[in-house]
1. Report, in listed order, any pair from K599/K622; K377/K453; K219/K313; K475/K500 with a Cα-Cα distance greater than 23 Å.
2. Efficiency by 1/(1 + (r/R0)^6): what FRET value for L411 and F383, r their Cβ-Cβ distance, R0 = 22 Å, to the nearest 0.05?
3. For the stretch 304-349, state the average projected area of the convex hull of the C-alpha atoms over all orientations, rounded to one decimal in nm².
4. Can you list the lysines whose alpha carbon is less than 16 Å from that of K284, not counting same-chain residues fewer than 8 positions off?
5. Find, among the chymotrypsin sites (Phe, Trp or Tyr not before Pro) in the stretch 109-139, those assigned to loop by DSSP (not H, G, I, E, B) with at most 13 other beta-carbon atoms within 10 angstrom.
6. Can you pull out the chymotrypsin sites (Phe, Trp or Tyr not before Pro) in the stretch 443-518 that DSSP calls coil and that have at most 15 other Cβ atoms within 10 Å?
7. Which chymotrypsin sites (Phe, Trp or Tyr not before Pro) does the stretch 337-422 hold that lie in a coil by DSSP with at most 16 other beta carbons within 10 Å?
8. Can you give the Kirkwood hydrodynamic radius for the stretch 132-186, in Å, rounded to one decimal and based on Cα pairs?
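A short reminder: the numbers here are calculations on the coordinates, not readings from a lab. Computed from a prediction, not measured in an experiment: that's the story for all the values here. Don't worry about glycine lacking a Cβ; one is built from the backbone with ideal geometry, like all the others, and counts go over all protein chains shown.
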Amino acid sequence: MDKYQLLKQYFGYDSFREGQEYLIDSILEGRDVLGIMPTGAGKSICYQLPALLLRGDEAGSRAITLVISPLISLMKDQVEGLNQAGIHAAYLNSSLTPGQYRKALSLAKEGRYPIIYVAPERLATPEFLDFAQNADIVMVAVDEAHCVSQWGQDFRPGYLKIINFIDGLKRRPVVAAFTATATKEVKEDIIDLLMLQNPAMVTTGFDRKNLYFGVMSVKDRYGAVKNYLECHPDDAGIIYCLTRKNVEEVCEKLAGEGFPVTRYHAGLSDEERKSSQEDFIFDKKPVMVATNAFGMGIDKSNVRFVLHYGMPKNLEAYYQEAGRAGRDGGPAECILLYSGQDVTTNQFFIENNQDNQELDAAMRQLVMERDRERLRKMTFYCFTNECLRDYILRYFGEYKENYCGNCSNCLSQFENTDVTEIAKSLIGCVESSRQRYGINVILDTVHGANTAKIRGYRMDANPFYGGQAKTHSHKLRQVMNHLLIHGYLAMTDDEYAVVKLSEKAGDVLYGQEAVIMKLAKEQPHPAKTEKGKSGRRKSSYGISAGSVKGAGFGDKLSEAEEALFERLRGLRTEIARREKVPPYVIFSDRTLIHMCMLKPETKAEMLKVSGVGEYKYDKYGKQFLDCMMKSGSVEL
Ligand code: ADP
Ligand code: ZN
């Protein structure tokens, strides 16, 4: 079978996503790879599929891919998912009893599993080494590869052992590393510490297009949360609170009003934490109220919303927590409920941070300063009129469009603005200076900056010098970006990054073409006032109704289809309980929604649904077809 057939057969997908194919092909050519892709982008398939291809169809092939993963729950989910899809896989970690561990290892020795997940700490144990020395390990995939770097928050000493392990193998396998974190330092660490050899690299960026971002400043936060849950009765979601006390209060109140909530924070017993986590993962209690202690290690893919009942201490934390929504790629909502009190609470946390005891006073001061700065940036997020997504991405060093159309600001704060005059100045400046300068010189010239550099280039004599002195420099930059993104101007692809004219530039400069773009309204932010008593707001797909809408296909499904979705979901829950696996391992929300849209009546039609492969069809297809028939889906 080739890679496309495998993709369809086992995973039920028709095409690859951005970056996947290149990484897969590179692995198959025997090249190391580094994939930096945000959560939900589909990193797993990048090593799972080559693992199958490397094993091949030949009888007796025992090629093994080891997947090193830091989190037990994540491993468990992945392995369950693979087995559900008809792929033999196992995990080796401390959650197994010694008996189970030996059993798994002996099956592994017999060559039963093409894919084996292992915790980094296991790599150095004699039992495992003995197995590895005699096994045909063709690839080592390192998941969450940033754990190898001491720069990151998630450093795992066990990850430093990976390279020794690889070195000790008889034959060096292909090494494939994956992460969603990609600062320059971390990236370099991954390449150095895992000793990747000329790796093929893919960076698909930080953006999570399926996430809607919103900020609400409401006096009655509890009321807003309650209202949100009422509008999303069946969706799974997380409500993050700043303190344990908040968790207790919010959870108790919501439970008292009959919402299916559970709670998690570091002050609870191990047992309670474990059982709440399970209730959440298995959709028994789909709403989790938690502190930031909850998260590392949950891989629930159908989280449809993450509400922040309070502002986290920085954007790193916020994006990580909010990012737990929509891992299945289906649309999900991330809403921050802000109150002025949050700043004080966070300042208190910063000043009383016990994590830095070992630092000397000067260092502690520095760290505190840095934390305060981060808090300031987080606070600005709650007040900016600009696109929230753009704000976050810029914070992480990524520059995109200033308008995403899927955040609360873009939807309420932006208006079409005619920027033709500004565009003419910028383009005119590029032309009159004979296309020799980079962005900053052009911007400074048009803005009328009186700097040595500008004078040195004689740009103060340029006819456009100071032509837009009254326009805010930030706005100038946004228009410049717009002109670049929409092909009026282009940048040379060398180290000088000079701005050049494109064909379209003339239409603006000499022709009649107007340049219209979305810009934030110049007004105070409504987050400062109470926005909509009920806490409702318009999102791109309307949040008035239940789960299907939450899954983001709401505007495509009719009422009858929504009802069908609920029934299919009920069936999925039933099967999940019977097989003791989380529901999303059987079919994702997206798959069920696609099913409602296609309404398959035959096997061939069912296989057209995204996420339904041969194996899953054999296992579940009939039950779902029957359920659709019973529901009279034909008349829908
Ligand atoms: P990551 O590890 O990058 O967070 P996953 O590997 O868990 O992401 O994939 C996220 C979701 O996207 C999964 O439900 C997965 O099945 C789905 N997915 C991956 N690749 C594709 C594809 N080519 N087409 C459709 N869905 C895909
Ligand atoms: Zn936006």
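1. On the way: K599/K622 13 Å; K377/K453 30 Å; K219/K313 20 Å; K475/K500 20 Å.
In this structure, K377/K453 lie more than 23 Å apart at Cα.
2. Working: r = 17 Å, r/R0 = 0.77.
Between L411 and F383 the formula returns 0.85.
3. Details: hull surface 12.5 nm².
Averaged projected area of the stretch 304-349's Cα convex hull equals 3.1 nm².
4. Within the straight-line cut-off, K284 pairs with K274, K300, K580.
5. On the way: sites: Y117, F128, F131; in loops: none.
Answer in residue order: no site qualifies.
6. Values: sites: Y457, F464, Y465, Y488, Y496, Y510; in loops: Y457, F464, Y465, Y488, Y496, Y510.
Passing sites in the stretch 443-518 are Y496, Y510.
7. Details: sites: Y338, F348, F349, F380, Y381, F383, Y391, Y395, F396, Y399, Y403, F414; in loops: Y338, F396, Y399, Y403.
Hits after loop and neighbour filter: F396, Y399.
8. On the way: mean 1/r = 0.0826 Å⁻¹.
Averaging 1/r across every pair of different Cα atoms and inverting gives 12.1 Å.
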